[in-house]
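The values are calculated or read from the model by the stated rules, or taken from the named source; none is laboratory data. None of the values given here were measured: they were computed from a predicted structure. Here the Cβ positions follow ideal geometry from the backbone for every residue, glycine too, while neighbour counts run over all protein chains shown. These accessible areas exclude ligands, DNA and RNA; they are computed on the full protein's heavy atoms, side chains included. Shrake-Rupley method; radii C 1.70, N 1.55, O 1.52, S 1.80 Å.
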Amino acid sequence: MKLRAVAGNRDFGQAIESSARDTVHELARQIEPAQLCAEARRVRNRLEKEKAPSRAGINIKHGAGGMLDVYFVTRYLQLRDNVMDHGEDRTTRRMLTSLRAAGSISREDHQVLSDGYNLLRAIDHQLRLIVGRSADFAGARATGFSDIARRLEFSTPEELETVLVERMKEIRTSLRSNHAR
């Protein structure tokens, strides 16, 4: 799903990308939606277990309700409903918009996933700038979290942490409801 040509003839690279996406979508159409859902869930759960141990604090990438939850539900729905986007912008944000336009997700789930993902990406960006890495942190007690809260225009680090935890819970709830269909 993330295939990108990085060198060589641009037209040839784009043709390969398009062909590979078409093949992935065709193969997905041959799988029962429940099986596709189970496989997406299996891979997602494995990544969460391996990359986001519960003792690590809040993990905005691999943890429950993190960026990978949004990525996996987006790609699952894209394959389930055969929503293809051959444009240059094939980001998760763009695909959420395409899924909403195709009727694959409700307005409410689109809002939850978009708002949550935007906050997670903003925090991820700030963590990389301030701390030099992303994913795990101990919330309001983390190095640089006060700076992140201020940069994202939250009154306190605790307010940011509260909103973040709530958004991640909402994402996980949305993930469950969209996988159930």
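Leaving out ligands, DNA and RNA, and with a 1.4 Å probe, what % of the accessible surface on the chain is carbon or sulfur? List each step's numbers first, then the result.
On the way: 5180 of 10240 Å².
Carbon with sulfur: 51 percent of the solvent-accessible area.
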In Å², and per residue, what accessible area does the chain have when probed at 1.4 Å with the other protein chains present?
57 Å²
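With the cut-off at 1.5 for a/c, could you classify the chain from its C-alpha gyration tensor as rounded, prolate or oblate? Intermediate results must be reported in sequence, preceding the final value.
Values: a/c = 2.00, a/b = 1.57, b/c = 1.27.
Because a/c hits 1.5 or more and a/b exceeds b/c, the chain counts as prolate.
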When only the heavy atoms of the protein chains count and the probe is 1.4 Å, how do 154, 12 rank by accessible area, highest first?
12, 154
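Would you mind classifying region 1-73 by shape? Square roots of the alpha carbon gyration tensor eigenvalues, ordered a ≥ b ≥ c; an a/c under 1.5 is rounded, otherwise it is prolate if a/b is larger than b/c and oblate if not.
Numbers: a/c = 3.94, a/b = 1.59, b/c = 2.48.
It is oblate, given that a/c is not under 1.5 and a/b is not larger than b/c.
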Counting helices only, and only those DSSP H runs with n ≥ 4, report the 222 nm mean residue ellipticity of the chain as the sum of -39,500 (n - 2.57) divided by its residues, in deg cm²/dmol to the nearest 500.
-22000 deg cm²/dmol
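So which chymotrypsin sites (Phe, Trp or Tyr not before Pro) in region 25-98 pass both tests, a DSSP loop state and at most 11 other Cβ atoms within 10 Å of the Cβ? Don't jump to the answer; show the numbers that get you there.
Details: sites: 71, 72, 76; in loops: none.
For chymotrypsin sites (Phe, Trp or Tyr not before Pro) across region 25-98 that sit outside H, G, I, E and B with at most 11 neighbouring Cβ atoms in 10 Å, the list is empty.
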Treating only the Cβ atoms of Lys and Arg (+1) and Asp and Glu (-1) as charged, compute the dipole magnitude of region 1-119 about its Cα centre; round to the nearest 20 debye.
440 debye
